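Colleague: A single structure is presented below for examination.
Derivation of every value follows stated rules applied to the coordinates shown; laboratory data play no part. All figures in this text were calculated on a predicted structure; none of them were measured in a lab. For neighbour counting, all protein chains shown are included, and Cβ atoms are generated from backbone atoms with ideal geometry for every residue, glycine included.
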Amino acid sequence: MDTNLVQKKEKLFLTIIRWAGTLLSLGVMIFLLSRVGWRQALDSFGQIPWWTFFIFILLGLVSRFSTWGRWHSLLRASDEPIDPKDSLKLTFAGLFASNVLPTTIGGDVFRLAGAVRVGISAALAAASLVVDRLVGMAGMLLALPLALKFLPILRETASPAAMGLVAGTGILAKFRAWLQRNIRSTFQALKKWLKKPANLARALGFTLTHQACIYLIIKIFVNAMGEDISFLSIAGIWSLTYFITLLPISINGLGLQEVTVTNLFTAWGGISIGTSLALAIFLRILWMLVSLPGAFFVGDILAGKRPTEQAEQNTMTVEKQQK
């Protein structure tokens, strides 16, 4: 069979899965809202002091700028001149695509396309995005052991049917096969940055700052709703939520993240379903709000706008050297 035809069929299948997963997750969200009560879920936001929302926005922006700092630290490991303003614009464009646009393309594709247009080599841009994702995952892996204390609860609440479904569909086996296939390519991508550990350490520091902002937002929100949950429990539950939403069964985690947050923070965090549901909705809205500045830069990428002045000079220099 033609390889291109197989790839097109696989891509179509994944797209169908993502749309189906998104619709299913949104359906579960609507069901949960109907149980709690739409008005009760909306009225719950009225319990939060108005000035607290300024803190949420501030922490959300610090989180977004930390993701920029992480990627820019990785780009600086190269000898290529990287304008911080360019990487900042591209980061927010990617965040806008991931959190606001209903697209299956993803923010990394926007960042890659934009990086090439501003004069960053395609090889460096692609490799840096892979390592950027790996550093982000590494930060979450550091918090994942905090979720181990919830395993007894998982064994008590997980139904035999659900566990049988996971085993029967071979999800774990497929995950192991995927992991083995990607280990080699991962080390290839990391090769450049392993020679410059300071850049990796700086990137990890930024991702830990990003995570701390998320945990603080959740902590303040839950406390404002009149309930409480420990900071370490938040870190453990959110790290697991992160890895669940990485599953390619929903468009940008839409619906899947909300359902996961609602269920895990209720079952494991011990907070009410009303508060968990309000938290899930609030986080989605907050990520959209603090990602809106990227709207000013997505259009430039889609329109194929010319590179910045600095990037044009870099391109002209390379052309002269080639002559």
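Colleague: Roughly how many nanometres apart are two label points built 7 Å out from the Cα toward the Cβ at D228 and V62?
Modeller: It is 2.2 nm.
Colleague: Now, a different point. Using Cα-only point scatterers and the Debye equation, what is log10 of I(q)/I(0) for the range 189-294 at each q in 0.20, 0.21, 0.22 Å⁻¹, rounded to two decimals?
Modeller: Values returned for q = 0.20, 0.21, 0.22 Å⁻¹ are -1.07, -1.14, -1.20.
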